[in-house]
Amino acid sequence: MLPLFPLNLVVYPGEKLNLHIFELRYQQLINECLEEKKTFGIPAFLNDRLPGFGTEVEVVALHKRYEDGRMDISTRGLRVFEIDTFKNPLKGKLYAGGVVMYPAESIDLDQPLPELLRLVDQLYDLLSITVEYQIEVAPFSFQIAHKVGMSVDDEYQLLTIPQESQRQQFLIRHLRKVLPVVADMEQTKARIRLNGHFRNLDPLDF
């Protein structure tokens, strides 16, 4: 049985997430986690429903407690779960909870695929941004999942894939689709920047 804190986002194992806790039910949940050193789950709440998968997290820091009970906390993702039964609220509690199952994680790759690295670097070059990641830290897919322009639905689908090799292939397919679009957008931005400026044009030889 795991206390649950549904959010309209996807959290991955290893991810650090800052939360501002203001609802009474979640104040109760977090206070219990702090006092009893227990974890809670963040299931993705998408399209007005709980599709079933989420990530168990732990509270790593309480940054501020307000006079009215609100809190600012930091959490860290631990492992993926799937909801078996859901109760809202749990008996005797203000918050929801449920029995969860933990799918077997398969780290069948401890390094990123070369094509994935190449495509990621190509994306960041096009966007002229710098994103830090650690190649040696597995699973690599969860490190960059929020950093390659996927929709929340695609981020959720990635969460449900237990094999690291398949997750990386999923990211490769996404980047193959998105890179041509990004490249075209950057060319369009460059043409817009040129509009209205003096340009040196070679005369055409008819």
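I need to check one value: relative contact order of segment 2-101, counting alpha carbon pairs closer than 8 Å and at least 6 residues apart, in percent.
Across segment 2-101, relative contact order equals 34 percent.
In sequence order, what are the phi-derived ³J(HN,Hα) couplings for segment 137-150 according to the Karplus relation 6.51 cos²θ - 1.76 cosθ + 1.60 with θ = phi - 60°, rounded to whole Hz, with x for glycine and proline?
Result, rounded to whole Hz: 9, 9, x, 5, 4, 5, 5, 10, 4, 7, 10, 10, x, 7.
Treating the Cα atoms of segment 71-149 as identical point scatterers in vacuum, please give the log10 of the normalised Debye intensity I(q)/I(0) at q = 0.14, 0.21, 0.27 Å⁻¹, two decimals.
So the normalised log intensities work out to -0.72, -1.03, -1.31.
How far apart, in nanometres, would the label points at Val152 and Lys87 be if each is projected 7 angstrom from Cα along the Cα-to-Cβ direction?
Reported label-point gap for Val152 and Lys87 is 2.8 nm.
Determine the dipole magnitude for the chain: charges of +1 sit on the beta-carbon of Lys and Arg, -1 on that of Asp and Glu, nothing else is charged, the reference point is the Cα centre, and the result goes in debye to the nearest 20.
Charge dipole of the chain: 500 debye, to the nearest 20.
How big is the gap, in Å, between the Cα center of segment 118-179 and the Cα center of segment 52-117?
Spelled out, the Cα-based centre of one part sits 20 Å from the other.
Given the chain, what percent of its DSSP beta bridges are antiparallel, to the nearest 5?
90 percent
If you line up the long axis of helix 24-36 against the longest principal axis of the chain, both from Cα atoms, how many degrees apart are they, to the nearest 10?
Once rounded, the angle reads 80 degrees.
Enumerate the calculated ³J(HN,Hα) couplings along segment 70-77 in order (Karplus 6.51 cos²θ - 1.76 cosθ + 1.60, θ = phi - 60°), each rounded to whole Hz, writing x wherever the residue is Gly or Pro.
Per-residue couplings from phi come out as 5, 9, 10, 10, 10, 10, 9, x Hz.
List the pairs from Lys64/Lys87; Lys37/Lys93; Lys16/Lys189; Lys93/Lys147; Lys38/Lys64; Lys38/Lys91 whose alpha-carbon separation is above 26 Å, in the order I gave them.
Lys64/Lys87; Lys16/Lys189; Lys93/Lys147
For Cα pairs less than 8 Å apart in space and 6+ apart in sequence, what is the mean separation divided by the residue count of the chain, i.e. the relative contact order in percent?
Relative contact order, the chain: 20 percent.
The numbers here are math on the coordinates, done by the rules we state, and not lab data. The structure displayed is predicted, hence computed values, not measured ones. As a convention, Cβ positions derive from the backbone with ideal geometry for all residues, glycine included, and neighbour counts pool all protein chains shown.
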